[in-house]
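Heads up, the thing below is written out as structure tokens.
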Amino acid sequence: MADVTRLLREWKDGREGAAEELAPLVYQELRRLAGAYMRRERPEHTLQPTALVHEAYMKMVKESTPDYECRAHFTAVAAQHMRQVLVDHARKHRAGKRGGGVQPVALEDATIFQPQRSGDLLALDEALSEMATVDPRKARVVELYFFGGMTREEIASVVGIHVNTVARDLRMAQAWLKARLMQ
């Protein structure tokens with residue numbers, strides 16, 4: 001844990017090679033997260049968990065100023081990037097089909113990906129993007145909880161709010177998203 005935090009600081013300070021040294025220390029955790037994402041994807045999905053980890057990590061390495069405070073924060077950002085990779089992939093997949101309209105879906109169901117679920121993921125992504133313009137903190141809390149697989153305590157630490165506020169934000173955001181997705 002201390003090595004990860006040290007390497008994150010060194011990466012932030014611009015030390016060359018810090019990101020490469022960090023990779024093996026966080027790889028298993030990122031691979032576990034990617035595996036959870038991919039188990040919920042459609043069976044014929046062309047991305048593999050390893051490819052998802054690599055694409056997300058490459059996006060993170062390309063960021064001009066990495067500013068990860070701790071391992072949990074780093075994992076949360078990685079989860080964001082993985083979600084974006086999957087959303088981009090779903091958009092490309094849907095673009096190849098005709099008449100693939102997005103159907104309303106409950107937030108709880110949108111996190112369970114099945115063959116026909118690429119539209120659900122896109123609808124959820126659009127709703128989260130809309131929420132982020134209205135209330136960025138709640139959108140971030142939802143993303144960390146549902147996509148990052150983080151506990152309320154971890155989210156509180158990363159976002160810098162109390163655990164009770166995380167719970168309240170989740171309830172309110174879930175209600176808002178449910179109403180939005182059922183329109």
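List the aspartates and glutamates whose alpha-carbon lies under 19 Å from that of Lys59, not counting same-chain residues fewer than 8 positions away?
Within the straight-line limit of under 19 Å, Lys59 reaches these aspartates and glutamates: Glu10, Asp13, Glu16, Glu20, Glu21, Glu29, Asp67, Glu69, Asp88, Asp125, Glu143.
Mind checking which of Gly35, Gly14, Gly149 has the largest fluctuation in a GNM of the chain, springs on alpha carbons under 10 Å?
Of Gly35, Gly14, Gly149, the most mobile in the Gaussian network model is Gly14.
Does anyone have the angle between helix 163-181 and the longest principal axis of the chain? Alpha-carbon axes, 0 to 90°, nearest 10?
30
Taking all protein chains in place and a 1.4 Å probe, what share, in percent, of the accessible surface of the chain do carbon and sulfur account for?
On the chain, the fraction of accessible area on carbon and sulfur atoms equals 51 percent.
Compute the angle between helix 2-12 and the longest alpha-carbon principal axis of the chain, please, reported from 0 to 90 degrees and rounded to the nearest 10.
Helix 2-12 sits at roughly 80 degrees to that axis.
List the extent of the Cα atoms of the chain along each of their three principal axes, largest first, rounded to whole Å.
So the extents along the principal axes, rounded to whole Å, are 49, 39, 25.
Roll a 1.4 Å probe over the protein chains and send me the accessible area per residue for the chain in Å². Let's see the in-between values first.
Working: 9560 Å² over 183 residues.
Per residue, the chain has an accessible area of 52 Å².
Rounding to the nearest 20 debye, state how big the charge dipole of the chain is about its Cα centre with +1 on each Lys and Arg Cβ and -1 on each Asp and Glu Cβ. It would help to have the intermediate numbers written out before the result.
Numbers: 27 positive and 25 negative charges, 124 e Å.
My answer is approximately 600 debye.
List, in order, the whole-Hz ³J(HN,Hα) value for each residue of region 127-138 obtained from phi through the Karplus relation with A = 6.51, B = -1.76, C = 1.60 and θ = phi - 60°; use x for Gly and Pro.
Karplus-based 3J(HN,Hα) across region 127-138 equals 5, 5, 5, 5, 4, 4, 6, 7, 8, x, 5, 5 Hz.
The values are calculated or read from the model by the stated rules, or taken from the named source; none is laboratory data. Predicted model, so just to flag it, every value in this text is computed and none were measured. Every residue, glycine among them, receives a Cβ derived from its backbone with ideal geometry; neighbour counts consider all protein chains shown. Remember, those area values only see protein heavy atoms, side chains included, never the ligands or the DNA or RNA. Shrake-Rupley method; radii C 1.70, N 1.55, O 1.52, S 1.80 Å.
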